[in-house]
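Structure, as structure tokens:
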Amino acid sequence: MIDVKNLTKRYGRHTAVKDISFQVSSGKIVGFLGPNGAGKTTTLRMLTGYLPPTSGSAEVAGYDIFRQSLKARRKIGYMPENVPLYLDMRVREYLKYRAQLKGLKGKEARQNIWEAMELCDLIDVRRKMIKTLSKGFRQRVGLADALIHQPDLLVLDEPTNGLDPNQIRSIRNLIKKLGEKHTILLSTHILSEVEMTCDHVIIVDEGKIKATGSPSELIGQMRAAGKITVELLADPEISAGAISRLSSVKKVIQEDSADDWTRFSILVDSGTDTREKIANLTNQNGWPIRTLHRHTATLEDVFVELTRKD
């Protein structure tokens with residue numbers, strides 16, 4: 001569905017996107033991640049035809065987005081981070097206007113508008129002024145706009161920006177539903193949403209691709225140390241020294257505690273599980289234990305490891 005080769009965008013001396021290449025297969029939901037200023041939005045704007053590249057090429061559904069721009073755009077539904085809505089129009093009136101701009105007429109336009117409103121749960125508010133809608137419903141109007149011409153590819157830039165947790169959950173479920181019929185390229189800062197929603201992830205930083213793969217593959221490739229938390233009743237100095245001498249233990253960090261129990265965060269080699277050794281050690285020394293927990297790596301851990309500057 002998407003084929004990007006050596007795509008580069010420069011603004012004077014600043015290079016926002018540096019020679020990136022990637023592919024997205026049909027029917028996939030792909031998370032496009034990166035810190036602020038990483039080049040995400042610039043890349044999405046180039047893919048949707050809003051910005052010309054400095055060099056490189058990109059195809060959507062087999063059409064070159066620069067040489068066959070109109071044909072490529074017909075295959076793309078784009079929802080920018082800040083959805084530009086006409087607040088003094090009613091929901092259905094606005095979608096009808098947008099459908100006309102996209103070349104839809106008559107029965108086809110009416111049918112597509114109704115289907116988009118139905119899919120985005122806008123039927124009950126179709127006669128309301130957009131300015132009276134909540135932030136969540138305005139996002140849904142923007143999504144319906146992107147869907148009107150029934151594109152093969154949906155490009156969503158921060159679709160849950162500014163929403164409350166309930167609205168985020170609602171939009172997440174909608175994106176999953178849309179993924180059954182559309183290929184989706186999704187940019188967001190909410191990594192837990194990506195982990196629950198996306199089949200594939202592309203992480204960019206400083207205009208370059210740092211990693212690509214499924215969320216589980218990226219988590220499995222983490223080089224960072226694992227982490228175990230333990231709470232025990234023992235002399236902090238003696239117990240810390242004993243734990244630090246266990247194999248696979250890299251570092252023992254004592255944390256603040258409100259009672260007599262000592263709490264440690266224990267960094268261990270990636271891919272190891274030292275809980276059994278810690279349990280045996282506490283048993284041998286007669287140290288009561290009330291917490292022994294291994295922290296499972298998340299996509300957020302991968303993101304921080306790949307993009308942190310320290």
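Among the residues of the range 24-31, are any out of contact with any Ser or Thr (no Cβ under 9 Å at 6 or more places or on another chain) and surrounded by fewer than 18 Cβ atoms within 10 Å (Cβ to Cβ)? Within the range 24-31, none of the residues are out of contact with any Ser or Thr (no Cβ under 9 Å at 6 or more places or on another chain) and surrounded by fewer than 18 Cβ atoms within 10 Å (Cβ to Cβ).
Considering the range 56-69, the residues that are assigned to a strand (DSSP E or B) and touching a residue at least 24 places away in the same chain (Cβ under 8 Å) include one that is farthest from Leu185 (Cα to Cα), namely Gly56. Taking Arg263 as the residue in question, decide whether it is over 30 Å from Ala38 (Cβ atoms) and either of a type in the set (Ser, Thr, Tyr) or touching a residue at least 40 places away in the same chain (Cβ under 8 Å) (or both). So Arg263 does not fit the description; no.
Does the range 111-123 include one or more residues that are surrounded by fewer than 20 Cβ atoms within 10 Å (Cβ to Cβ), aliphatic (A, V, I, L, M) and under 21 Å from Ile29 (Cα atoms)? Checked against the condition, which is being surrounded by fewer than 20 Cβ atoms within 10 Å (Cβ to Cβ), aliphatic (A, V, I, L, M) and under 21 Å from Ile29 (Cα atoms), the range 111-123 yields at least one hit. None of Leu292, Leu246 is in a loop (DSSP other than H, G, I, E, B), more than 30 Å from His200 (Cα to Cα) and either in contact with a strand residue (DSSP E or B) (Cβ under 9 Å, 6 or more places away or on another chain) or in the same structural domain as Cys198 (by TED's automatic domain parsing) (or both) except Leu246. With respect to the stated conditions, Leu191 fails to be farther than 17 Å from Thr307 by Cβ and in contact with a Phe, Trp or Tyr (Cβ under 8 Å, 6 or more places away or on another chain). Scanning the range 70-95 for residues that are without any contact (Cβ under 8 Å) to a residue 60 or more places away in the chain and closer than 17 Å to Met1 by Cβ returns Lys71, Ala72, Arg73.
Considering (1) surrounded by 15 or more Cβ atoms within 10 Å (Cβ to Cβ); (2) part of a loop (DSSP other than H, G, I, E, B), the lone condition that Gly271 does not fulfil carries the number (1). Say whether the condition of being under 15 Å from His293 (Cα atoms) and surrounded by fewer than 15 Cβ atoms within 10 Å (Cβ to Cβ) is met by at least one residue in the range 234-252. No, because not a single residue in the range 234-252 is under 15 Å from His293 (Cα atoms) and surrounded by fewer than 15 Cβ atoms within 10 Å (Cβ to Cβ).
Of the residues Gly207, Gly179, Gly226, the single one that is crowded, with 18+ Cβ neighbours inside 10 Å, in contact (Cβ under 8 Å) with a residue 24 or more places away in the chain, in contact with a His (Cβ under 8 Å, 6 or more places away or on another chain) and not polar (S, T, N, Q) is Gly226. Could you tell me whether the range 151-167 includes any residue that is polar (S, T, N, Q), touching a residue at least 40 places away in the same chain (Cβ under 8 Å) and closer than 26 Å to Asp88 by Cβ? Yes - at least one qualifying residue is present in the range 151-167.
When you look at Pro53, is it over 18 Å from the mean Cα position of the chain (by Cα), assigned to a loop (DSSP other than H, G, I, E, B), outside the structural domain of Val302 (by TED's automatic domain parsing) and surrounded by 14 or more Cβ atoms within 10 Å (Cβ to Cβ), yes or no? Against the criterion (over 18 Å from the mean Cα position of the chain (by Cα), assigned to a loop (DSSP other than H, G, I, E, B), outside the structural domain of Val302 (by TED's automatic domain parsing) and surrounded by 14 or more Cβ atoms within 10 Å (Cβ to Cβ)), Pro53 qualifies. Among the residues of the range 192-208, those that are more than 12 Å from the chain's Cα centre (by Cα) and over 10 Å from Pro35 (Cα atoms) comprise Gly207, Lys208. All of Thr272, Thr262 fail the test of being among the β-branched types (Val, Ile, Thr) and in contact with a Pro (Cβ under 6 Å, 6 or more places away or on another chain), apart from Thr262.
Based on this model, can you work out whether Val17 counts as among the β-branched types (Val, Ile, Thr) and assigned to a strand (DSSP E or B)?
yes
The values are calculated or read from the model by the stated rules, or taken from the named source; none is laboratory data. From a predicted model like this one, the values you see are computed outputs, not experimental measurements. Note that each Cβ is placed from the backbone with ideal geometry, even for glycine, and that neighbours are counted across all protein chains shown.
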